[in-house]
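Presented below is the structure to which this report refers.
The values are calculated or read from the model by the stated rules, or taken from the named source; none is laboratory data. Here the structure is a predicted model, which means the values were calculated and not measured. Note: ideal-geometry Cβ built from the backbone for every residue, glycine included; neighbour counts use all protein chains shown.
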Amino acid sequence: MMTPWGYEIDGELPPLVDFADFDVMTGGKWRGDMRAMSAIAAASQAIRNHCGWHVSPSMTCTARVTADGRMVRLPAAYVSDVESVKEYDPRTESWNELALPGEVEARHDGLLRRIGTRFCPAWDGVEVAYTAGYDCCAVPDLANAVIGIAEAVLMMPRGVASESADGVAVTYTTSAQSIANSMTAAQRSALAPYKVVGSHAA
């Protein structure tokens, strides 16, 4: 499945928090509210768009990226494993696999370095298969951000379409299926460690 952030994942992308955990963490406050699942999904998407990648859970990914000399930056803030690195050869119009770690070194923050020479400079000339994403249970501040945003949607009075707070104009649908850019400054600060380096998201 191709993600909105330009890389493929193996499987479907679930919400950052499932309803059972949401129900427990909110003390059953929204149990029976049919809008809750839509609010959780919208909050998850807003956070992922803000961070520039899927964030959680840990998933097998494939990305084609453009190198900057000897360096490649993957669209992820946490990479637990790099399975393969392939480089495009424009002379033969084929992909050649590079040795790990002999020809390429990888860091957990998604940065890869070619040893001794440069990567192919072709646009999207490096293909990387890797595992990236956090276990949401291990990063409770991420779950708290999802819950805070989802509850903000659910607490909007019926019929209210928009409001402005904390210097941010927020638009909602009456069914709470959209949260736009409803994150507060505190929530954005809490999400800073999960944001892809170089991401221009708000």
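Descriptive notes on the structure:
- Test result for A180, within 17 Å of the chain's Cα centre (by Cα), at pLDDT below 75, within 21 Å of M37 (Cβ to Cβ) and not assigned by TED's automatic domain parsing to the domain that holds K86: yes
- Whichever residue in region 124-157 is among the small types (G, A, S) and touching a strand residue (DSSP E or B) at 6+ places or on another chain (Cβ under 7 Å) and, among such residues, is nearest to D81 (Cα to Cα): A132
- Assessment of region 1-19 against the conditions (among the aromatic types (F, W, Y), free of Cβ contacts under 8 Å to residues at least 40 places away in the same chain and over 17 Å from L142 (Cβ atoms)) yields no matching residue.
- For V146, the test of being touching a Leu at 6+ places or on another chain (Cβ under 6 Å), modelled with pLDDT under 95 and closer than 20 Å to Q45 by Cα is passed.
- Taken together, the criteria place Y134 among residues that are surrounded by 14 or more Cβ atoms within 10 Å (Cβ to Cβ), modelled with pLDDT of 90 or more and aromatic (F, W, Y).
- The one condition in (1) surrounded by fewer than 16 Cβ atoms within 10 Å (Cβ to Cβ); (2) of a type in the set (S, T, Y); (3) without any contact (Cβ under 8 Å) to a residue 60 or more places away in the chain that Y88 fails to fulfil: (1)
- Condition met for K29 (closer than 22 Å to D124 by Cα, basic (K, R) and surrounded by 12 or more Cβ atoms within 10 Å (Cβ to Cβ)): no
- Scanning region 52-66 for residues that are surrounded by fewer than 22 Cβ atoms within 10 Å (Cβ to Cβ) and not β-branched (V, I, T) gives G52, P57, S58, M59, R64.
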